[in-house]
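The values are calculated or read from the model by the stated rules, or taken from the named source; none is laboratory data. Please read these numbers as outputs of a predicted model, since none were measured by experiment. Neighbour counts run over all protein chains shown; Cβ positions are idealised from the backbone, glycine included. Please note that ligands, DNA and RNA were not included when accessible areas were found on the heavy atoms of the full protein model with its side chains. Shrake-Rupley method; radii C 1.70, N 1.55, O 1.52, S 1.80 Å.
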Amino acid sequence: MDLTLKIWRQKNTSSAGKMVDYKVTGISGDMSFLEMIDVLNNDLVEKGEDPVAFDHDCREGICGMCSMYINGEAHGPDRGVTTCQLHMRKFKNGDTIYIEPFRAKAFPVIKDLVVDRGAFDRIMAAGGFVSVNTSGNTMDANALPIPKDDADEAFDAATCIGCGACVATCKNASAMLFVSAKVSQLALLPQGKVEAERRVLSMVEQMDKEGFGNCTNTGACEVECPKGISLTNIARMNREYLKASLTYSEK
Amino acid sequence: MSKLDSRIPKGELAQKWSDHKSHINLVNPANKRNIDVIVVGTGLAGGSAAASLAELGYKVKAFCFQDSPRRAHSIAAQGGINAAKNYQNDGDSVYRLFYDTIKGGDYRSREANVYRLAEVSANIIDQCVAQGVPFAREYGGLLDNRSFGGVQVSRTFYAKGQTGQQLLLGAYSAMSRQIGKGSIKMYNRHEMLELVVVDGKARGIIARNLITGEIERHSAHAVVIASGGYGNVFFLSTNAMGSNVTAAWKIHKKGAFFANPCFTQIHPTCIPVSGDHQSKLTLMSESLRNDGRIWVPKKMEDVHAIREGKLRPRDIKEEDRDYYLERRYPAFGNLVPRDVASRAAKERCDAGYGVNATGEAVYLDFGSAIERYGREKAAVEKIENPDMETIRRLGKEVIEAKYGNLFQMYEKIVDDNPYETPMKIYPAVHYTMGGIWVDYNLMTTIPGCYAAGEANFSDHGANRLGASALMQGLADGYFVLPYTIGDYLSNDIRTGKISTDLPEFEEAEKHVREKLNFFVTNKGSKSVDHFHKKLGKIMWDKVGMARNAEGLKQAISEIRELRDEFWKDVRVPGSIEEFNQELEKAGRVADFLELGELMAMDALERNESCGGHFREEYQTEEGEALRDDKNYMYVASWEYTGDPGKSVLHKEDLNYEYIEVKTRSYK
Amino acid sequence: MALINSSILRKIVMALSGLFLISFLALHLTINLFTLISADLFNEASHFMATNWIIQLMQYVLAIGFVLHIAMGIQLTLQNKKARPSAYAMNKAAANSGWSSRNMIVTGLLVLFFLIVHLKNYFWVLKFGDMPYSSDYELVVKLFENPLYTLLYVFAFVLLGFHLDHGFQSAFQSVGINHSKYTPAIKWLGRAFAVVVTLGFSLISLFFYFSSLSN
């Protein structure tokens, strides 16, 4: 199939960007979206032009590196997939496809479609962990039974890949789904409960500092999340936060 | 041979590690604060090492080329992690895990290292659970296990099909904690481009900031390379697009020996190539072989009918199917080790029985598992005389709970429903057992330079068992390196900060700049990918699943030619001082073009078949690998001397004191 | 408000003030429905509302509730706008979220406008103005004789319906009440409440308007 691409081009963080039109031809439905961009880039390089910069790595939907806003949706029109798993069979011959970077104040554009998601790392560094040192002498893994349902729910929250689609999609560029996934995972497990209050307070504080918007419960993040992270995590975080604000004080 | 001292501690096998730990030198906490350690790579090995070293008090600088440590390709590991916990009471033990790993590696790994690996495996599970890694559990609240290829016990811990992700996020969270405390300084989007050696010791690196293009000097008292494997030399592999050999290759060129480069693991269950546009291959976890049966049609006319779309796989009668793994290896059946399963698939496809248009695919069929589970579930739910439809519905629910995400991934990629039609699979490059040579302390032949995880060669011999990569990465990073590095660093407590103004840094930086400048000023006409794809084809055809002397010799000369062409005709747009992904790729492919030749040389030198290395000249009448223990029971360790083709071979003999070396049989 | 500098606490204040306003709405609707039963009943209720000391006290609480809800809503919106300084060239918001959830500030501000008109025409007249009519009931009758006012009234309650449809369930989510077991019920209840409020208030106004026509 032949397609028209409208792609956001921006030289670096400080320069202004614009949408530029490109044509690609001979695209097969079995190609992934990124393989389609590969075709474009190979053409551009051999013509001596600057190829389109985009983030990608594992190309199997798990690393969370790829991050395009395709035709008005994070990771494109398919559900439950990242851009690298989006296949061209979702498009028709002659389609025009808009390709933009994830947009948020907290995710400045580095180049073209590449954005800086360092804010997520800083939120994690603020508390997204259990404070346990490496030791060959922690208690036996089976010493503490965990109800299967809790473990499963924690796992579901833990499958977040940190791609930022929730922020990109949210009309407020809120990072609540991302933050709540980690808060939830650790709040559900006995190992994480010990410092749950401290964790939620400091992660939310960092989230607010990074300039993300506030959640208004539109639920868009849940729909666009490639891993189907649930809104119940946000509710749990709200609950945990409220509880912690009322009862916790740093000694 | 004098150059290789594996420093295996004396004493009984089972006591070596604890004795060694008790006797090596330590650095006191006050001194650790004054010692810098650089860790390159933030996957399971690098991430866990960085976190553990920082917890101990060292000042750590960690580097990754991705935008966050959490993206490292360990994240894509699906199936699980082995540990000798014996929670299932099925006869597992440290010794059995050790034995299985040595045997699975076809007796080409170092006994003492593997024993240590098995020994610390249980600690890994304890540690990860303490970090909040959500492993799969039973209704009783205890951890669940599954079985994996090449073993007869259930010792694999897992988190659905995302075990690597959960373990990596565990290591990443431990790192995040140290980053928050300032004990780790994290350099995201930085690529190591040179090792700096001062007075014979590794003292720092030159790295490029991939956002600004700035070339930076970083000094340290020790450098840890945990940059993963080099499977992308084949262009198509299950590795991430960015996975590369560059960090490992740079230290190799500065004096670290490269061991067993030809030992490559071809994973049997990957989604087949769909066309020339393909940029990477996707793995379907080995855990699927627990329930999936692998087959091709017995009759050639069925094969043709299937390829032409006249028959569907379901239409082929049971007796007309060739479950070739069950036929050839009745004891292990579909759960034979990866190398055996891959070769068997190749054998059937080479014989013309491949089931897709390219003739390079076999079926992985869940039909019988769906039926079996369906009947079990019907019994549990007290449904009497269930009809076939009910059985299949119930069975599908069980399969979905176990492998749902994998099935979904398959469907998205192939556009075919694997609950109804068998999956099509074919082997693909997945893991590299070879890597930087290290001693028992994980130190390379450059003092102060360490290699951990897939980047080193030590634990998997000629073939890695499933669910052992995660185990080794975390063992190295959490439990081995943090101890052993102290032995070396204890001599550095008086050294003080290392200046980056030393002439060695100057020289290394100059060298890096020249290379990069060359790329952006070369007036070539072909993209980097053009060369990478060509290299991949040579490697896959001639240094792939089956090799022979003739082909390897051809590969060597073709790679040399391609390399010359690359340096003449590669085109890299843009400049050094900007975000430039083509420039990043160019440097990586330049290194692959050298590594490829060394791999072919190594394969040519090893006149035997063992594990993932299959030389067509050396096979039994039944087509099984024919090892030559008399002449080749050694680690082939290569020293760089200015040209990969002139590398010098050093042999480290392997001695098995606690294991009887046998022919590997899974029949 | 500057005291509450956490995004989640602000959400919680939005939610609690919203729920409080919802309870007020329920009461308000009940009393208004009295107009359809009898003028005396309504006048009595109205009198009770105007004189009972608890209600008088609650008036101030209600005012605070309104101010909090509105001021914080505006503040949140402004902040949220800042979180995405450059807009997408192409955005398919409808693919992943409902209209009412995305337009709370629009429906909210329009309802606020109506509220001001309503306060001026009704509350102000009763409380501080020169009451030209013999009873509260008569005031209601007079107001709805005006077709424009009636139209505005109905329109405002349609908007309020949308506002409530999202706001009701959203408030529960914000305070952390979400569970697969009862969240569907909350959502259903919210929608039902929104419909009842919209229909209830609209019917009253339309009833009086059409009654005035037939007189």
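Quick look at the numbers
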| read-out | value |
| --- | --- |
| Qualifying GluC sites (Glu not before Pro) for region B:370-412 [loop in DSSP, other Cβ within 10 Å: at most 11] | B:381, B:384 |
| Antiparallel bridge percentage (DSSP; both residues within chain B; nearest 5) | 70 |
| Accessible area buried between chains A and B, both sides summed, probe 1.4 Å, in Å² to nearest 100 | 6200 |
| Percent carbon-and-sulfur accessible area, the protein assembly as shown, ignoring ligands, DNA and RNA, probe 1.4 Å | 55 |
| Inverse of mean 1/r across different Cα pairs in region B:453-516, Kirkwood, Å | 15.3 |
| Candidates A:147, A:51, A:101: whichever shows maximal mean-square fluctuation once chain A is modelled as a Gaussian network with Cα springs under 10 Å | A:147 |
| Over region B:461-582, volume per residue of the alpha carbon convex hull, in Å³ | 220 |
| Loop-located trypsin sites (Lys or Arg not before Pro) in region B:560-632 whose Cβ has at most 11 other Cβ within 10 Å (DSSP) | none |
| Relative contact order (percent, whole number), chain B, Cα cutoff 8 Å, 6+ residue spacing | 21 |
| Simple spin-label estimate for residue B:88 and residue B:521 in nanometres, 7 Å along Cα-Cβ | 6.2 |
| Degrees, to the nearest 10: B:94-104 long Cα axis against longest axis of chain B | 80 |
| Residue-normalised accessible area of region A:3-111, expressed per residue, 1.4 Å probe, Å² | 32 |
| Net charge dipole size for region B:434-510 [Lys, Arg +1 and Asp, Glu -1 on Cβ; Debye, nearest 20] | 240 |
| Principal-axis tilt of helix B:503-521 within chain B, Cα atoms, nearest 10 degrees | 50 |
| Relative pair counts by distance (%), Cα atoms of the protein assembly as shown, 20 Å bins | 12, 39, 32, 12, 5, 0 |
| Stokes-Einstein D for region C:38-89, Kirkwood Rh over Cα pairs, 37 °C, 0.692 mPa s (µm²/s) | 230 |
| Highest-fluctuation residue, C:170, C:134, C:202 considered, GNM on chain C with Cα pairs under 10 Å | C:134 |
| Gaussian network model of chain A, springs between alpha carbon atoms under 10 Å - residue of A:42, A:233, A:214 with greatest fluctuation | A:42 |
| Sequence-distant residues sharing a close amide H with residue B:203 (under 5 Å, placed H) | B:196, B:197, B:198 |
| Inter-part distance where region A:174-228 and region B:273-300 are each reduced to a Cα centre, Å | 38 |
| Angle between chain B longest axis and helix B:163-181 axis [Cα atoms, degrees, rounded to 10] | 30 |
| Inverse mean reciprocal Cα-Cα distance (Kirkwood Rh) of region A:120-251, Å | 15.2 |
| Region C:111-185 and region B:1-61: distance between their alpha carbon centers, rounded to Å | 70 |
| Dipole moment magnitude, nearest 20 debye, the protein assembly as shown about Cα centre, only Lys, Arg, Asp, Glu C-beta charged | 1840 |
| Scattering curve values for region B:233-335, log₁₀ I(q)/I(0), Debye with Cα scatterers, q = 0.16, 0.19, 0.23 Å⁻¹ | -0.95, -1.12, -1.26 |
| For region B:506-579 versus region B:90-116, the gap between their alpha-carbon centres in whole angstrom | 38 |
| Compactness of region B:160-279 as Cα Rg over 2.2 N^0.38 Å, two decimals | 1.28 |
| Principal axis box of region C:1-85, alpha-carbon based, largest edge first, Å | 56, 25, 15 |
| Quotient of Cα Rg and 2.2 N^0.38 Å for chain A, N being how many residues it contains | 1.13 |
| Measure of compaction for region A:3-111 (Cα Rg per 2.2 N^0.38 Å) | 1.02 |
| Accessible surface, chain B, averaged per residue in Å² (probe 1.4 Å) | 34 |
| Cβ-placed point charges (K, R +1; D, E -1), dipole of region B:244-295 about Cα centre in debye, nearest 20 | 320 |
| Loop sites in region A:1-68: trypsin sites (Lys or Arg not before Pro), DSSP, at most 11 other Cβ within 10 Å | A:47 |
| Dipole axis of the protein assembly as shown (+1 Lys, Arg; -1 Asp, Glu on Cβ), positive-most option in A:242, B:593, C:205 | C:205 |
| Cα Rg over Rh - region C:43-169, Kirkwood | 1.07 |
| Percent of Cα-Cα distances greater than 36 Å, calculated over chain B | 37 |
| For region A:3-111, with +1 on Lys and Arg beta carbons and -1 on Asp and Glu, the positive-most of A:45, A:16, A:81 along the dipole | A:16 |
| Overall Cα dimensions of chain C, principal axis frame, Å, largest first | 55, 37, 37 |
| Kirkwood Rh (inverse of mean 1/r, distinct Cα pairs), region B:59-186, angstrom | 16.0 |
| Debye intensity ratio I(q)/I(0), log10, region B:378-490, q values 0.20 Å⁻¹ (C-alpha model) | -1.03 |
| As computed over region B:267-429, the Cα convex hull volume per residue (Å³) | 121 |
| Positive-end residue, region A:118-247 charge dipole about Cα centroid, Cβ charges, pick of A:185, A:223, A:169 | A:169 |
| At R0 = 35 Å, FRET efficiency that the Cβ-Cβ distance of residue B:12 and residue B:648 yields, to 0.05 | 0.50 |
| Cβ-derived FRET efficiency at R0 22 Å, residue A:193 paired with residue A:133, nearest 0.05 | 0.75 |
